[in-house]
Every structure is written in C-alpha cells, then in structure tokens.
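The values are calculated or read from the model by the stated rules, or taken from the named source; none is laboratory data. Computed from a prediction, not measured in an experiment: that's the story for all the values here. Cβ: placed from backbone, ideal geometry, glycine included. Neighbour counts: every protein chain shown.
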Amino acid sequence: MPAVSHRQAFRLLTAVLLQAGSVAAGDWPGLRGPTHDGRAGSDSVFGGEAGQLVVRWRARLGSGYSGVAVADGRAVTLFSDGSGDVLAAFDAATGREAWRVPVAEAHKGKDGSFDGPVSTPAVDRGRVFALGPRGDLVAVDLRTGALLWRVDLPEREGGRPPHYGFASSPIVAGGVLVVQVGADKGRAIAGFDPATGARRWTLGEDAVQYQSPVALRLGAREIVVGVGDTRLIGIDPARGRLLFDHPHGGEPDAISVASAVPVPAGDGRLFVKTHVEKSTMFKLVEASDGGVSVQTLWTAPVLRGTYGIPVYHEGHLYGMNGRATFSCVEAATGQMKWRSRDPGDGWVTLAGGDLVIQAKDRTLHVGAASPEGWTERARVRLFEDLAWTAPSVAGGAVFARSLGELARVDWAAATPAPVAAASVDLPAASSPTFARFLEEVGRAADKAALVDRFLAGLPDGPLVDAPDRVVFLYRGDAADMGFASDLIGVRREDPMRRVPGTDLFFHESLLEPGTRVSYQFVRNFEQRIPDPRNPRRVPWRGEASSLVPGGWREPAHLAPAPEGRRGRLEKIEFASTLRPGTRVVLHVYLPAGYDASSERYPVAWVLDGDAAREQGLVPQSLDNLMPERVAKALVVFHGPIDWGTWKPRDEEAGAAAVELLVKELVPFLDARFRTVSEARARAVIGHSWDGITALGAVFDESRPFGALGLQSLAILDTPEAMILPTVRTAAVQPLRVYHDWGRYEARSTRENADMRVSNARINAYLRERGYQPVGGEAPDGTAWASWRNRTDRLFETLFPPPR
C-alpha cells in the first residue's frame, strides 16, 4: 500500500467526518428541520434589517401535503402526478427537476382530504428516505435518484394503514432510520438500517395515525420521542432501548393527538397537542440510573384545534390557536401572551428571530418572533392554490409548496418607501355606499358623529347594496372582531376590519340575491354574539343573527299554535337488550286528539331529536300543520345514544345505530302506542350526519320504512361508497322521498369538502334509481336556522293528508 502524506491523510479524515455528519451547513434535512424543532440552522442568513420577499423560481407539482427537504443543492418532496405517487428532486438554485422516482399507485384523497402524500422525506448521508401513503418506505440516492431499497411496511412490518394513509415522516437519529409504523405487539415505532432497510429494533405498544417522531438532546445524549394515540415514549435510537413510556391522557382525534408532533420547548420541556380543546407541556427529567421520567407541567386551552405545529423561541411558543388566530404562549406557564387574526390560518417555521408563515390561503409572511405581538415585515402572494405545508428554510432561502406548486423565495435587501405623515390607511370596499362612507371618514374631523349619522340612516342589520354586496357592521368597544357565517363555510372565521379612527368594524361579502343566511360576530377572539343591530335571531352555533332577503317572512308554522291545536310530548327512557347498558331518551309527539281517539297513527322518526325540538321548533310546526296540510302522525324525537360500555368503534357506529333503531326502537314504539305498524306508514328523517343513519335504516334488509326525509345530508366519500350500493330501485322498494340542502351548505373552503356538491350528487343518484325526491337546493344556509323554514314541505311530502 503506498504511503499517505500528512496532507492526504487530513483530506481523507475531513471526507470521513463530512460523511459521518448527517446535516451540512444550511440544510433542511426533513420534517421540522435540522434540529427537529421547526427552526432553521444557526447559519441561516434568511431575513435582514430591511428587505422584501422575492420569488426566485417556481415549479409545477402534483397534489400533496409533503414538506420539502433541502440538502446538497437539492429540494426533495413527495406528490401525486396523477398516475402515481412520486418522490422528486429539484435543483435548489434553478428549480429544474433533477429526477423523479415512482413510489406507489396514486393515493386518492377522501373524506375531505386532497390527493397525494403527507409524509415529508428525510435526507441523510446522500440518501433520501420517503414514506408513501400506502406504506412504501423507500431509500433513493440523492444525486442520481437511483432506488437503493424498498420496504412494504404493512406486509413486512405489520403496519396498519391509517384512514388517510401513512403520514408519519421518517427521521435519522443515532445512525438509525426511525419510523412510526403503527404495528401491533410492541412495534409502534421501528428503527431500520439506513443502508439496507433491515430492521434494527421495534418498540412501543400503541396505535399510530398521523404522528411523527422527533430527535432531541437530553443532557449529553440524543434521544427520539414519539407520540402515539395513548402514550409518549422515549428511545435511545442507537441501541433501540426504551427510556420511558408515559400515558399522555390525550384524545386520538385527527386534529388533536392523532396528528401530534412533539415540540422541544427548552429546559427539557416537550409540548404536545393532546386534546381537541387543549394541549400539554411535559418535562423530561434524567434519572441517575440512565432512565428518564416524565412530568406534566401544565395543560391549557392553547395551540389546539389545528394541524399546524408550533415553534419555540426564547421562552415562548408561536403557532395557530384553532383555525382562526395566530398566537404566542409562554412556555413555562401556558399563559396566552397575544392573539392575532393576521397572518391567517397556516404553518410556521422559525428563521433566526423571524417567524416565516405559509398561510393556507396562498400568502407567505415574515414577522418578528416577539411576545409583544405580531408585526409583519414582509408578505408575498405566492400561490394560486391552497397550501397545507410548513415552509422549509435552508441557507438564505425559503422553500414553500402548495397543493400544486413548489417555489423558492429569497430575501432581498430593500429600503422601505417613506410614508407621508398625513396619510391614513383606509380599507377598500366594493360596496358603493360603504366606499363613499369610507371616503367621508378619511376627511371628517368628527369621525364619531359621522358614524352616528351613517348608522342612523341604515335599516336594521347589515348594509345591503343590491344586487349582491353585503357589509356586516359592528360598533362597540373591542380589541378584535371576527365574522362567522354560512357564507364563508365551516372551520373558519374571517377578520372584521376597523374603520381607522372609529370603533366601527366591518366585514364585506358577496351574497347571491334572494338568499337567507345565518351569521355571528366573534368579539375579542372568544365571545360569539349575534349582531346587536339585527333583531332577527336564530339558533346557529348558539344564538346568531339571520340575514334575510327583502320581502322575506318567517314561515307561519313556526309560531306557537292556538291551545286547541297543540299536541303533547311524552318522554320515554329506553334501555337496550341487544347492547345492555345502552340507553336512549325519546320524546314522542302525540297530536291533538290522540288521547281521545282509538285510531292508529303513522310514525315519523326524527333522528336529531333534541335539536329538532329545541332549535327546529318542529313540535309547534306540527301543531300548525296537522291535519290540514299534514296527516296526523306520531313523531318520535330520537335523542343521542348513550352506548355505555358497548360503545362501538367509529367505523361501526353507523351500523350499530341502524341496528338499534330497526331491531329494537321501532318494535318498542309499536308495542307502546297505537301505530300503523307497516312500513308504508313509517318515515325516518335525518339531518346532517344523521342522514347517513337514515339512509342505512331505510335501505336495511328488513325494509322497515316507507318514507325518507333528508335535510343537508353530511356525507363524505367513505360512507357514501358504503351506502350507495345498498340503495334499491324505486321499482323494488317504492319510497316517498324528501331531500333538500342550502345554497350556502356546510363546506370547508380550505379543505376538500363541500356538502352542496355532495347533496346534489346524492340527489341525482336517487333519481337515477327511479325516485323522485321533493325539495332540492333552497336559497338558504344550513343547520336548524335553515331546515325549520321547510318543515312544512318535509312533512307534507312524507305524510300528505288524505284527499
């Protein structure tokens, strides 16, 4: 062997050390970055004293939620290209695609999700590790895209695919590739050899859904912490040793612990989103025997109700609180320091002392991480489609992606333009009337007096500028005002803007002419209130206001009926024999004259019974409608099911509810009251999610019902695929069918769920099967404030009076 010079030896040693290090300067090697806590490396140069965001390049992608790993001049992510799920690398400097590797057949979105992978790739020592939604774990050469190895996690490791597919992001720690597999019998988390894919170890007795592990420093060692549906576990990754296994007490809901990623928060603290309405701060304490104990420091209603993961900086956590407000929380106590509706619902990363936020609604924002409040330094409209991915910061650039595009954004030095001292930041308005008012406010010396005159000249409620512009107005003492309504959809609150120099807040919307909707104001982030200027009140997420078109009159059947027309309600507590311990409270409406009669009556089962009575005012509508417009009938208001110790799993709950109704409740009622115990004389009525149970019951093999009522059926892909094959034809099973939904039906504008579309599709399918549903789309919103306006049409269809 030839002799090696000192210089050659130094070069060889340097090469070995570089190969041994898993993260190079400026890299973002996977989910949560180089230190697994959502912060860029200390060498990142993104940001500056003064600057602006500049889009350097864009590249088209297919759909997906996967984050972007950046290493060695490559930006790597997963997406669906339409025919399959792929792993692809792009040149970090130019955006040109370097290679693309097929992972599996395309993963189609379902039940509110979009198509494509969720997991973020990890890069280590020139290899890319990626997990596809079907459980394909692959290793690929970073430079060439050559496939190095592949493991089928369900087949080889027993991993159970979650409902939305495998979403856990792999990490490399202690020289081991760590993945939350979600297998039984001590195999919740597994360690693999990065070079070969061979299993090194498995640990943990827990279910895994969409959680991802993190690596962190505890004392002098690196450990891995993973969250499952019920437990928090710590692992020495190099040795595969369990360091702690602690029950976290959380809820395995998709938006809570089922999608949790632990967040290191300084001084051994670990933040975990544990519940739908609250989160928990734990503390890891090293023991003298080498083990680790877990203490609970606090649990508080902060940084919850979101899929976003917060970041920690200098004693504070920053992240979404729900889906409407960005917030700052003191890490030591859980105390909320501030909340802001800007920059909107999104995903946060830390770069130096700046927060880099990709809003779902397409904009990228930069602002200082400060416990004093949110102050934006720069923003750019980055995408044309929704963004569901946290930005990655590598060196001096941000790599962000949407559901269809990848972009690199740089920070460019710039001198802000001077602002004239006398200028006023007036908001824009498309309503001509309100735009003129804003111009007057800008010039007025006595702004309060101008607001007084303006409001006094308006009718009650919002300002309606024909044909389709509506301005919602609130005047009062408030630090913040939000707006919620059928108009903008569910899981959303929009900010109301303050007119400068006044205590007047406004929100402008478009409204299709002739449509009624419900709305609320949200004062100081928490207090939901109706519009004080609008006397029309309706039940909608509590008490709300109703915006009605000109000439609209509330249906007469909603008013209390005269005494002689009124029926009565009889409360019955039912105990199941099929499922001992299961109980249901029924309220049975007996029409006027029932007690003095010997007749038998048809029966309608209303599955959302408590709300139908209290919010829908259905009993008093029936008082008014029977017998002239609706045949006299018994109407059973079915309360919530208390399953007791027999509570079924979520996927079995629908079938269990149908079985309880068909096999027990219907015979029980027929035996207790004078009913016409034939299918032709029975109807089942379902609102929203209860509509699924109604469909299941009416098409049960025993065919117990002859009429079906649906209002605003809430149905996603999975139950639809299960129920539609059971729908018989009208020739085989004749039915009277009523089905309606609102023009502003429940929908999530930042997710892939729109019940207006779903209802139209189901209605068309029923027609294909030969049924003739009465109803259709109503010029209304959703929920009982809408449904009760058509109680007359519903019952007239199901129980028409004798002719």
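Among the residues of the range 341-369, those that are free of Cβ contacts under 8 Å to residues at least 40 places away in the same chain, at negative phi and not hydrophobic (A, V, I, L, M, F, W, C) comprise PRO343, THR363, HIS365, GLY367.
Quick check on this structure: which one of VAL356, VAL366, VAL329 is closer than 21 Å to ARG523 by Cα and either under 24 Å from the mean Cα position of the chain (by Cα) or aliphatic (A, V, I, L, M) (or both)?
VAL329
Give the range 89-101 a look and list any residue that's touching a residue at least 24 places away in the same chain (Cβ under 8 Å), surrounded by fewer than 23 Cβ atoms within 10 Å (Cβ to Cβ) and part of a strand (DSSP E or B), or say none. Hits for the range 89-101 are GLU97, ALA98, TRP99, ARG100, VAL101.
Total residues in the range 137-166 satisfying the condition of being part of a loop (DSSP other than H, G, I, E, B) and either in contact with a helix residue (DSSP H, G or I) (Cβ under 9 Å, 6 or more places away or on another chain) or more than 22 Å from ASP72 (Cβ to Cβ) (or both): the figure is 9. When residues in the range 733-759 are screened for being within 18 Å of GLY706 (Cα to Cα), without any contact (Cβ under 8 Å) to a residue 40 or more places away in the chain and of a type in the set (D, E, K, R), 0 of them pass.
Considering the range 566-586, the residues that are without any contact (Cβ under 8 Å) to a residue 60 or more places away in the chain and touching an Asp or Glu at 6+ places or on another chain (Cβ under 7 Å) include one that is farthest from LYS663 (Cα to Cα), namely ARG566. How about the range 217-270: which of its residues are among the hydrophobic types (A, V, I, L, M, F, W, C), in contact with a strand residue (DSSP E or B) (Cβ under 9 Å, 6 or more places away or on another chain) and without any contact (Cβ under 8 Å) to a residue 40 or more places away in the chain? Passing the criteria: only LEU242.
Hand me the list of helices (runs of 4 or more DSSP H) wholly inside the range 711-803 holding 2 or more residues that are surrounded by fewer than 22 Cβ atoms within 10 Å (Cβ to Cβ) and either touching a helix residue (DSSP H, G or I) at 6+ places or on another chain (Cβ under 6 Å) or not assigned by TED's automatic domain parsing to the domain that holds ARG492 (or both). It would help to see each step written out before you state the result.
On the way: elements: 717-723, 755-768, 784-787, 791-798.
So the answer is 717-723, 755-768, 791-798.
When the range 517-537 is filtered for residues that are over 19 Å from TRP787 (Cα atoms), in contact (Cβ under 8 Å) with a residue 24 or more places away in the chain and crowded, with 19+ Cβ neighbours inside 10 Å, the ones remaining, listed by number, are PHE521, VAL522, ARG523, PHE525, ASP531, ASN534.
All conditions but one from (1) surrounded by 19 or more Cβ atoms within 10 Å (Cβ to Cβ); (2) closer than 21 Å to ILE255 by Cα apply to GLY112; the one that does not is (1). What is the number of the single condition among (1) crowded, with 16+ Cβ neighbours inside 10 Å; (2) under 15 Å from PRO170 (Cβ atoms); (3) not basic (Lys, Arg) that ALA195 does not meet? The one condition ALA195 does not meet is (1). Please indicate, with yes or no, whether at least one residue in the range 267-280 is under 28 Å from ARG187 (Cβ atoms), assigned by TED's automatic domain parsing to the domain that holds PHE192, buried (at least 22 other Cβ atoms within 10 Å of the Cβ) and among the aromatic types (Phe, Trp, Tyr). So far as the range 267-280 goes, yes, one or more of its residues are under 28 Å from ARG187 (Cβ atoms), assigned by TED's automatic domain parsing to the domain that holds PHE192, buried (at least 22 other Cβ atoms within 10 Å of the Cβ) and among the aromatic types (Phe, Trp, Tyr).
Quick grid of which residues meet (1) modelled with pLDDT under 95; (2) surrounded by 15 or more Cβ atoms within 10 Å (Cβ to Cβ):
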site	(1), (2)
ALA422	yes, no
ALA428	yes, no
PHE434	no, yes
PHE437	no, yes
LYS447	no, yes
VAL451	no, yes
LEU455	no, no
PRO459	yes, no
ASP465	yes, yes
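Restricting attention to the range 579-593 and to residues that are out of contact with any strand residue (DSSP E or B) (no Cβ under 7 Å at 6 or more places or on another chain) and buried (at least 16 other Cβ atoms within 10 Å of the Cβ), the residue that is farthest from PRO562 (Cα to Cα) turns out to be ARG579.
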